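> One structure coming up, written as structure tokens, with questions to follow.
The values are calculated or read from the model by the stated rules, or taken from the named source; none is laboratory data. In this text, all values refer to a predicted model and were calculated from it rather than measured experimentally. Using ideal geometry, Cβ is built from the backbone for each residue, glycine included, and neighbour counts are taken over all protein chains shown.
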């Protein structure tokens, strides 16, 4: 079992304010882990450290085999190739087709062969149930479909880790449950860990995993009632 996240005694500072201190976090390759906490508690800041947008001010950290202490312009794209990120607001290029959104990420992470790119795009769109939507403009899709494209985009490079920042925050409850099931299913298929920031406690009850509360500048593990396979939803 591989540890895809290892942070020891990490400190995260933004705008000269300590956001999180003494962060100790380990996530294994087969885990589903939820980050909960109030808006502004530091959940997104932690995710930004994990995908290379913020640096640790002190302490040490490794994500998917990359040290987050000494990332540079060359190593950040390599780190991002090893992880997939799903945002609340989808962050699609709305003036381009679904396929072009995927090719954009491929080119940014070093793909060159056009046929390989086309084949991988078809594969990941098939995984999220959008195999017929490649030529549709992103802005023409429903919110749930746009989030499916965002998940497909996160899967492009066979990630070891999927980071999800409130991925169901802009969706209705029924669509949220579908997206959550999809994230879990594809992460299991890709053998990727999932670390998800969320406010949705109903989702945590329905899809139990490990739960960490972000509060008062600290990470506080919560004991959960459910001690079984986190990839098996409690309810259909």
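> Can you list the helices (runs of 4 or more DSSP H) found entirely within the range 35-118 that contain at least 2 residues being surrounded by 15 or more Cβ atoms within 10 Å (Cβ to Cβ) and touching a helix residue (DSSP H, G or I) at 6+ places or on another chain (Cβ under 8 Å)?
98-108
> Do we have residue 18 as part of a strand (DSSP E or B), in contact (Cβ under 8 Å) with a residue 24 or more places away in the chain and within 25 Å of residue 210 (Cα to Cα) here? Break it down into steps so the answer makes sense when it comes.
Values: part of a strand (DSSP E or B): yes; in contact (Cβ under 8 Å) with a residue 24 or more places away in the chain: yes; within 25 Å of residue 210 (Cα to Cα): no.
So residue 18 fails the test.
> When residue 179 is evaluated against the numbered criteria (1) buried (at least 21 other Cβ atoms within 10 Å of the Cβ); (2) within 12 Å of residue 90 (Cα to Cα); (3) in contact with a helix residue (DSSP H, G or I) (Cβ under 7 Å, 6 or more places away or on another chain), which criterion, by number, is the only one it fails?
The single condition residue 179 does not satisfy is (2).
> Here's something else I'd like to know. Mind checking whether some residue in the range 26-42 is at pLDDT below 90 and farther than 29 Å from residue 207 by Cβ?
Checked against the condition, which is being at pLDDT below 90 and farther than 29 Å from residue 207 by Cβ, the range 26-42 yields no hits at all.
> So which residues in the range 1-34 are surrounded by fewer than 22 Cβ atoms within 10 Å (Cβ to Cβ), under 20 Å from the mean Cα position of the chain (by Cα) and over 21 Å from residue 180 (Cα atoms), if there are any at all?
1, 2, 3, 6, 24, 25, 26
> A further question on this structure: When the residues of the range 119-153 are narrowed to those that are within 21 Å of residue 78 (Cα to Cα) and in contact (Cβ under 8 Å) with a residue 40 or more places away in the chain, which ends up surrounded by the most Cβ atoms within 10 Å (Cβ to Cβ)? Talk me through it step by step, then tell me what you get.
Quick first cut of the range 119-153, residues within 21 Å of residue 78 (Cα to Cα) only: 120-121, 124, 150-153.
Filter once more, keeping what is in contact (Cβ under 8 Å) with a residue 40 or more places away in the chain: 150-153.
Values: 150: 25, 151: 24, 152: 29, 153: 25.
That would be 152.
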